[in-house]
1. Please state the shape class of the range 111-197: rounded when a/c is under 1.5, otherwise prolate if a/b exceeds b/c and oblate if not, all from the C-alpha gyration tensor.
2. Using a ≥ b ≥ c from the Cα gyration tensor of the range 88-147 (square roots of the eigenvalues), is it rounded, prolate or oblate, where a/c under 1.5 gives rounded and otherwise the larger of a/b and b/c decides, a/b for prolate?
3. Got a sec to turn the phi values of the range 107-113 into Karplus ³J(HN,Hα) couplings, 6.51 cos²θ - 1.76 cosθ + 1.60 with θ = phi - 60°, whole Hz, x for Gly and Pro?
4. Could you rank the peptides 179-186, 97-104, 59-66 by their average count of other C-beta atoms within 10 Å per residue, with the highest value first?
5. Using a 7 Å offset from the Cα along the Cα-to-Cβ direction at both Phe60 and Asn81, what is the distance between the two label points in nm, to one decimal?
6. Quick check: at a probe of 1.4 Å, how many percent of the accessible area of the range 132-198 sits on carbon and sulfur atoms?
7. So with the 1.4 Å probe, I'd like the accessible area per residue for the range 87-208, rounded to whole Å².
8. Mind ordering 69-76, 23-30 by average Cβ neighbours within 10 Å, highest first?
Amino acid sequence: MKRIILLLMLAVVSNVVRGQCIVNTGPTLCSDPANNVYIIDPTTDFDITFENASGNPIAFVNWSPNTFLYVSANQNFPLPNNGNNPTGNIYFNGNSHSNPSNPHPTAGANIHDIYTYNYTIPASAGCATSSGQLKIITGGFTYDDFCRGDVTALNDIPLLNYNSAGNLNWYSDDTGSTSIPGTTQIQGGQTYYVDLGIAGCSQVSGRY
């Protein structure tokens, strides 16, 4: 089975209002807060904070699973197994480690992978109890459903439904100066680049 890896190249900071709550996140390579999708550099801390209507961080947000989530930066204080965060900040850190007291895999997070988290926000100062789902993508997308003998075009790669309409702009170079049709069949040893159409993000590079 072959893999196509799609990497993002732009750092941005985002926030979005959910009901009366505000979600603030640290720097990302690309963010789509409307859909709770954040593409990040997994080797740095990515922090997430929910704020109430008064602008104060909301404590005891519950997270599931707790993989690679920490209460403090730099892999300090892994999030408890019950998922309750006693502080207002949560940090995703996918670095490898050798700390025997750290319950997360020592090899760290997989590069170019998707980590999905469910969260529940308790009521706080005008912010009603609510639940949602957040996706953290470590460096970029990976397409690994391409097998030998398959006839797959660029438009067939779903990219978390960003390519569901099959109308993204694809390129053969990382500057986006040479466009190629979405009907181009994937070939071994080739690199492809795509613009996901997410506001504030630059092009994405794909590597086969």
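The values are calculated or read from the model by the stated rules, or taken from the named source; none is laboratory data. Since the structure is predicted, the reported quantities are computational estimates derived from the model, not experimental observations. Methodologically, a virtual Cβ is constructed for each residue, glycine included, from the backbone with ideal geometry; neighbour enumeration extends over all protein chains shown. What goes into the accessible areas is simple: the full protein's heavy atoms, side chains included, and nothing from ligands, DNA or RNA. Shrake-Rupley method; radii C 1.70, N 1.55, O 1.52, S 1.80 Å.
1. prolate
2. Oblate.
3. Per-residue couplings from phi come out as 6, x, 6, 5, 6, 6, 10 Hz.
4. Taking the mean over residues of other Cβ atoms within 10 Å, the ranking is 59-66, 179-186, 97-104.
5. Rounded to a tenth, the inter-label distance reads 2.2 nm.
6. Looking at the range 132-198 in its full context, I get 40 percent from C and S.
7. For the range 87-208, the solvent-accessible area averages 49 Å² per residue.
8. In decreasing order of mean packing, 69-76, 23-30 become 23-30, 69-76.
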